[in-house]
Amino acid sequence: MKMTSLLLTPLLALGAGCSTTTQTQAPTTVAGADLPNCFAANYSEQYKLFTIVRPAANVVSQQCLLTVLPRGSSSSGQRLPAANYLVSVSNGGGGGAGGTLQSGSKFPGQDNSGGGGGGGAGAMETRASVNLTEGNYRLTIGAGGPGGAACSGPPGDFPGGPGWVGSPTNIVRISTGEVILGARGAETYTRLSRSQHERTSGKPDGSGGYGPGQTSGGDGATYNSAGNLAHAATAGTDKGRVDGGDVGKVLPKDQLAGPGGGGGASRLAVGGTGGGDLPKHLDIPPVRGTLGSGGGGGAGDAYGCAAGANGGHGFVAFVRI
């Protein structure tokens, strides 16, 4: 996967521990004293930024404590000195949709062929010059949205599910509750249940994810009622010089295999590649997003369809200026 680098002042290496909100937990605003140090829990030495590095199952977000020393201090221990920084805050990337059931299926009593799921949208990112003053800050880092579920045959005949949007990210000054940058209310964000999400998303049609400030995911391939290709799969949208995710690969002779769309890019990472199809109807799984990019959509053929891939986790980055 092609990456661009974010040039940051080296901070410190990783440690252990994290404060995690999962899909099954009620959201809470954790007191500062109860939060793990951001450098120990959420700092990625590889990318030189704060992200979710050890996700729990069904993670919605992780929170950690960032301590800023008085101005003029050297970077010491697991803290930053007060100074002017270029700060980047990214939400989690969207999950790719599961494949779709359309015309020609081999399920008994069905007349559907497979279609691909749309790729997830790349996350909205906010960048600003911030005078970071002495004190304690809570980082809430949003997780990437889960990929949509795979379809199922009789007796349920469930189509592939939509991918979830990524969770929001923000920076809050603990002493005042001021949101320094990012989405207000990120620390109490919860996901819709699967049934709520599928009900509000409408009928699956292979469309890629999209939203304000996001890079759109690519569409999955879809077929008409005659079993002919109605819409070819597309790659995710680029962001700057970073590419959107590619469409999935299928056998040229397989006229009913619908590859998934690619995930939308983030400023730091290409979107995930859509799912495809191997001989004898073996799925090529879609690729998950990284650092705010969207996950690839799942593939579908005349025999069924696969789940979409998760979006990449959000991040917070500081560059001293």
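The values are calculated or read from the model by the stated rules, or taken from the named source; none is laboratory data. Note that this is a predicted model, so its numbers are computed, not measured. Glycine also receives a Cβ, built like all others from the backbone with ideal geometry; neighbour counts cover every protein chain displayed.
Listed by first and then second residue, the pairs with beta-carbon distance under 6 Å, at least 6 apart or on different chains, first residue in region 161-179 and closer than 13 Å to Arg191 by Cβ, second among the polar types (S, T, N, Q), are Pro162/Ser201; Gly166/Asn91; Ser167/Ser61; Pro168/Asn91.
Residues in region 250-270 that are surrounded by fewer than 19 Cβ atoms within 10 Å (Cβ to Cβ) and touching a residue at least 40 places away in the same chain (Cβ under 8 Å): Asp254 only. Considering each residue of region 107-116 in turn, at least one proves to be modelled with pLDDT of 90 or more and either assigned to a loop (DSSP other than H, G, I, E, B) or among the charged types (D, E, K, R) (or both).
Yes or no: region 279-300 includes at least one residue that is under 22 Å from the mean Cα position of the chain (by Cα), charged (D, E, K, R) and buried (at least 24 other Cβ atoms within 10 Å of the Cβ). Walk me through how you get there before you give the answer.
Looking only at region 279-300, we keep the residues that are under 22 Å from the mean Cα position of the chain (by Cα), and these are 283-300.
So of that shortlist, the ones also charged (D, E, K, R) come out as 283, 288.
Filter once more, so that each one left must be buried (at least 24 other Cβ atoms within 10 Å of the Cβ): 288.
Yes, region 279-300 contains at least one residue that is under 22 Å from the mean Cα position of the chain (by Cα), charged (D, E, K, R) and buried (at least 24 other Cβ atoms within 10 Å of the Cβ).
Taking the criterion of being modelled with pLDDT under 85 and either closer than 17 Å to Ile171 by Cβ or crowded, with 17+ Cβ neighbours inside 10 Å (or both), the residues of region 66-80 that qualify are Gln78, Arg79. Screening Gly148, Gly227, Gly209 for residues that are touching a helix residue (DSSP H, G or I) at 6+ places or on another chain (Cβ under 9 Å), in contact (Cβ under 8 Å) with a residue 60 or more places away in the chain and small (Gly, Ala, Ser) leaves exactly one candidate, Gly148. On inspection, Leu291 does not qualify as in contact with a helix residue (DSSP H, G or I) (Cβ under 7 Å, 6 or more places away or on another chain), touching a residue at least 12 places away in the same chain (Cβ under 8 Å) and in a loop (DSSP other than H, G, I, E, B). Taken across region 232-249, residues that are surrounded by 15 or more Cβ atoms within 10 Å (Cβ to Cβ), within 15 Å of Ala306 (Cβ to Cβ) and in contact with a strand residue (DSSP E or B) (Cβ under 6 Å, 6 or more places away or on another chain) do occur, with at least one present.
Selection of region 150-190 for residues being under 17 Å from Val59 (Cα atoms) and in contact with a Gly (Cβ under 8 Å, 6 or more places away or on another chain) yields Gly163, Trp164, Val165, Gly166, Ser167, Pro168, Thr169, Asn170, Ala186, Tyr189.
In region 48-65, the qualifying residues are those that are assigned to a loop (DSSP other than H, G, I, E, B) and touching a helix residue (DSSP H, G or I) at 6+ places or on another chain (Cβ under 9 Å), and the one that is modelled with the highest pLDDT is Ile52. Of all the numbered requirements in (1) at pLDDT below 85; (2) outside any loop (DSSP other than H, G, I, E, B), Leu256 misses one, and that requirement is (2).
Only one entry in Val270, Val316 is of a type in the set (Val, Ile, Thr) and under 21 Å from Val59 (Cβ atoms), namely Val316.
Is it the case, given these coordinates, that Thr273 is touching a Pro at 6+ places or on another chain (Cβ under 8 Å), surrounded by 24 or more Cβ atoms within 10 Å (Cβ to Cβ) and of a type in the set (Ser, Thr, Tyr)? Write out each step before concluding.
Values: touching a Pro at 6+ places or on another chain (Cβ under 8 Å): yes; surrounded by 24 or more Cβ atoms within 10 Å (Cβ to Cβ): yes; of a type in the set (Ser, Thr, Tyr): yes.
Yes: the conditions hold for Thr273.
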